[in-house]
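The values are calculated or read from the model by the stated rules, or taken from the named source; none is laboratory data. This structure is a prediction, so every number in the text was calculated from the model and none was measured. Positions of Cβ are generated from backbone atoms using ideal geometry, with glycine treated the same way; all protein chains shown enter the neighbour counts. These accessible areas exclude ligands, DNA and RNA; they are computed on the full protein's heavy atoms, side chains included. Shrake-Rupley method; radii C 1.70, N 1.55, O 1.52, S 1.80 Å.
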2 protein chains.
Amino acid sequence: MSRCLISQLEVQGFIERCMTAVGTKAHHARSLAEVLVEGDHRGHYSHGLNRMDMYVKDIQTGICAKDGEPEVEKESVATALVDGKNLLGPVVGNFCMNLAIKKAKEVGIGWVVAHGSNHYGIAGYYSMQALKENMIGMSFTNTSPLVVPTRGKECTLGTNPISVAAPAKDGDSFVLDMATSAVALGKVELHDRRGDTIPEGWGCDAEGKLTTDPKRVLSGGGLLPIGGSEATGGYKGYGLGMMVEMFCGILAGANYSKHVRTWKVTDRVANLGQCFVAINPENFAGGFNDRMSDLMSIHRGMEPVDSDSPVLAAGDPERTNMKKCEEIGGIPYHINVVKYMNNCAEKIGVSPLLPCDKLVPM
Amino acid sequence: MSRCLISQLEVQGFIERCMTAVGTKAHHARSLAEVLVEGDHRGHYSHGLNRMDMYVKDIQTGICAKDGEPEVEKESVATALVDGKNLLGPVVGNFCMNLAIKKAKEVGIGWVVAHGSNHYGIAGYYSMQALKENMIGMSFTNTSPLVVPTRGKECTLGTNPISVAAPAKDGDSFVLDMATSAVALGKVELHDRRGDTIPEGWGCDAEGKLTTDPKRVLSGGGLLPIGGSEATGGYKGYGLGMMVEMFCGILAGANYSKHVRTWKVTDRVANLGQCFVAINPENFAGGFNDRMSDLMSIHRGMEPVDSDSPVLAAGDPERTNMKKCEEIGGIPYHINVVKYMNNCAEKIGVSPLLPCDKLVPM
């Protein structure tokens, strides 16, 4: 199979063109395009260009605001509550993360939560912003209910991601960016399309019973929290998903749990809750970056079980993907994604992603 | 089987007597006794009276300091770095958590890390202190290496717990207190003693291969991170264990990863790193407690898969255990634990735990 190679700049410009064509403010469109391109660049295609049509539709239908700016509602030197004004998630996310970093420069930590937000792309995009200031960053968001709690049979929690980034020496970093579900819904869909079964512990059926049949998960069932069944520790993943909800919907006064609108159903405003944190290591023990590098070296340098599969640190798979993009000079996309997005663009009078004929083997 | 019922006050006094007999300051002994009794009261016997001999030995050998107080080394309105002065973990933990709460009252958040600490009992003891002030509390500690990272075969991380407590209405609360390993070592030891196999995903052998034989885990193998194998998402638990290490050993400048001394080997000072956080919901959206109660009701009120196993919220199993203790008028201990501790007490001239003949069926 081959993929269509497109430069990052071209994808960035294309998304900006599409979003502004439906009335998005220029700098909001740029913020969204940057997060989506970064998603693809890091290899998380489920959170990149692939989702552009959803954002275009959100602006077209007016379910997401195209004008205005987020506003601080309540503030201390170290905290803030932000009203996202129903703007695009990345607009809210950038605003909050900047504010958290500013506070962390002054008092060592900034803890900022927002209500009135929308899907913000990869959580790691925000936590990583702290790295530029040599700080630790964190980001959390609630999402549409897709996860079934331990012992239950109803989806009441989103895949509620946790992202934590920490700087090491010489530009190296630890970047954890993980859903609190065992896997993403996309992975179950992929297995279904291929006709494969899924490993036990990924999902359950409509009766809450563990299943290895992806169709049962997708038709009325749900994803399991990290850890899978109760016997293998799924209640821990369930607890972590609740923790994220507490930091997001509950602390921010946004929608939460099953009150968040159903995934892909955009009949009402999302009002997602999100949480952004920056921590300045300079307020703690000196030599943070050196110790962080040593911690990662201990792991990367360890003898692996299988010599073809080295022990990694969080962020390493994404680093490998970005290196590959640099080598081949762009991001490799499935041709169907490019065609689909070009169709969307045509409908709103936007010039297509080009070229479509530069194929690279995958 | 029956258990020996002993009042909380008696256990509290007994631990204080033993600790002061070997020279521990009175209020340090009280702090330790309170955490251990609370561990047992909540049903976490692995972190209660059962470990008293370890603390007695640490003071006797001088590997843990019996005098002095923790000191703030660096401070902002919202953060602090504390030198635990090699004092008992609960002394350091109480000092840091009080400081975090004080800061959260002033500026909405307090983030405090300590180096030079020791084992501090259940992590939830510290996060729960924030509940009394109607705040969110968090506590993290690194521990002796027992967990093998995904793809590796060497223990480089502790069971590094995460505890998060959040207040709801009418004294109700969410209390997550979980190791970032799939299970605690004690559970594997218990299966071994019973001659049972363990579920796949709990541990690996010395070659890093998943095993269901507890003996292989205990002889040169290790625990797996939450999520188990790589296929079922164990790399997420590995990432969370690293996150805890980053907040503890790395941020505080304490020992970290495989530099932490081996479990049960007290040949040198522990120098553990710990992290304590308090967040004041009043700095964010009003109505926090109501939403928190609703979030828990959504889950507790859900129809369960099995009507005998209701869906719980984090902290509910401990609540049930405490209620049982209240009903029977004390904490039920295995008679062997009582006998063992009374032997320890006799050696240091301390009067025994009494009575030993009030048995309750279990």
Notebook entry, point to check: Per residue of A:285-292, how many C-beta atoms from partner chains lie within 10 Å of its own C-beta, taken as a mean?
Noted result: 5
Margin query: If I model a spin label as a point 7 Å beyond the Cα along the Cα-Cβ vector, how far apart are those points for A:K132 and A:S307 in nm?
Written below: 4.3 nm
Next item on the list: Amide H neighbours of A:E73 under 5 Å, at least 5 residues apart or on other chains, H built in the peptide plane: list them.
Entry: A:L81, A:V82, A:D83
Next item on the list: Measure off 7 Å from each Cα along the Cα-to-Cβ vector at B:C344 and A:E69, then give the distance between these two points in nanometres to one decimal.
Entry: 6.1 nm
Margin query: Using alpha carbons only, how many angstrom separate the centre of the range B:226-266 from the centre of the range B:12-80?
Written below: 23 Å
Item checked: Within the range B:129-176: Cβ-based charge dipole about Cα centre, in debye rounded to nearest 20 (Lys, Arg +1; Asp, Glu -1) -> 220 debye
Checklist line | 3J(HN,Hα) from dihedral phi, the range B:167-180, Karplus parametrisation 6.51/-1.76/1.60, rounded to Hz, x for glycine, proline | finding: x, 10, 7, 6, x, 6, 7, 9, 10, 8, 8, 9, 6, 8
Notebook entry, point to check: Tell me, what % of the accessible area of the range B:149-217 is carbon and sulfur with a 1.4 angstrom probe?
Noted result: 45 percent
Next item on the list: Kindly give the distances from B:G23 to its copy-mates, label point to label point, with each label point 7 Å from Cα along Cα→Cβ, as nm values to one decimal ordered shortest first.
Entry: 7.8
Notebook entry, point to check: Accessible area per residue, 1.4 Å probe, Å², for chain B: what's the number?
Noted result: 37 Å²
Item checked: Inter-part distance where the range A:317-333 and the range B:300-362 are each reduced to a Cα centre, Å -> 55 Å
Next item on the list: Stick to the Cα atoms of the range B:21-125, pair each with every other, and give me the Kirkwood hydrodynamic radius in Å at one decimal.
Entry: 14.2 Å
Next item on the list: Run the quick spin-label model on A:V265 and B:T262: label points 7 Å from Cα toward the beta carbon, then report their separation in nm to one decimal.
Entry: 5.8 nm
Margin query: If every alpha-carbon in chain B counts as one equal scatterer, what log10 I(q)/I(0) does Debye give at q = 0.06 1/Å?
Written below: -0.22
Notebook entry, point to check: Can you list, shortest first in nanometers, how far B:T212 lies from the same residue in the other copies, with each label 7 Å from Cα toward Cβ?
Noted result: 1.3
Next item on the list: Take every Cα-Cα distance within the range A:114-190, group them into 5 Å bins from 0 onward, and report for each bin the whole-number percent of pairs it holds.
Entry: 3, 15, 21, 20, 16, 12, 8, 4, 1, 0
Item checked: Cα centre as origin, Lys/Arg/Asp/Glu Cβ charges: the range A:1-137 dipole, Debye -> 180 debye
Margin query: Could you sort the peptides B:127-140, B:196-209 by per-residue average Cβ neighbour count (10 Å cutoff), highest mean leading?
Written below: B:127-140, B:196-209
Notebook entry, point to check: At B:G171, with labels set 7 Å past Cα in the Cβ direction, how many nm apart are the copies from this one, shortest first?
Noted result: 5.8
Next item on the list: For the range A:183-238, calculate the relative contact order in percent as a whole number, restricting contacts to Cα pairs under 8 Å that are 6 or more residues apart.
Entry: 29 percent
Notebook entry, point to check: To the nearest 0.05, how large is the calculated FRET efficiency for B:L190 and A:K209 if R₀ is 35 Å and r is the Cβ-Cβ distance?
Noted result: 0.80
Checklist line | Relative contact order (percent, whole number), the range B:125-194, Cα cutoff 8 Å, 6+ residue spacing | finding: 26 percent
Notebook entry, point to check: Can you pull the mean other chain C-beta count within 10 Å for peptide B:68-80?
Noted result: 4
Next item on the list: Assign unit charges at the C-beta atoms only (+1 for Lys and Arg, -1 for Asp and Glu), then state the dipole size of chain A relative to its Cα centre in Debye, rounded to the nearest 20.
Entry: 740 debye
Checklist line | Helix-derived mean residue ellipticity, 222 nm - over chain A, DSSP H n ≥ 4, -39500 (n - 2.57), to 500 | finding: -11000 deg cm²/dmol
Check: Over the Cα atoms of the range A:287-362, how large are the radius of gyration and the largest Cα-Cα distance (Dmax), in Å?
Finding: 19.5, 55
Check: If you take the Cα atoms of the protein assembly as shown, find Rg, then find the Kirkwood Rh from the mean of 1/r over all pairs, what is Rg/Rh?
Finding: 0.98
Checklist line | Greater than 25 Å apart at Cα, pairs in A:K74/A:K105; A:K169/A:K323; A:K324/A:K358; A:K74/A:K103; A:K85/A:K187 | finding: A:K85/A:K187
Checklist line | Proximal aspartates and glutamates to B:K153, defined as alpha-carbon separation beneath 20 angstrom and excluding residues fewer than eight positions away on the same chain | finding: A:D294, A:E303, A:D306, A:D308, A:D316, B:E189, B:E200, B:D205, B:E207, B:D213, B:E230, B:E245
Notebook entry, point to check: With solvent modelled as a 1.4 Å probe, how much accessible area in total do chains B and A shield from it at their shared surface, in Å² to the nearest 100?
Noted result: 6800 Å²
Next item on the list: Pop the C-beta distance of B:I328 and B:S297 into the FRET formula with R0 = 25 Å and round what comes out to the nearest 0.05.
Entry: 0.30
Notebook entry, point to check: How well do other chains shield peptide B:170-179, expressed as the mean number of their Cβ atoms within 10 Å of each residue Cβ?
Noted result: 3
Notebook entry, point to check: Once Lys and Arg get +1 and Asp and Glu get -1 on their Cβ, which of A:P225, A:M19, A:N94 lies farthest toward the positive end of the dipole of chain A?
Noted result: A:M19
Next item on the list: Whenever you get a sec, compute what percent of the accessible area on the range A:218-303 sits on carbon and sulfur atoms (1.4 Å probe).
Entry: 49 percent
Item checked: chain A: relative contact order in percent, alpha carbon pairs under 8 Å with at least 6 residues between -> 23 percent
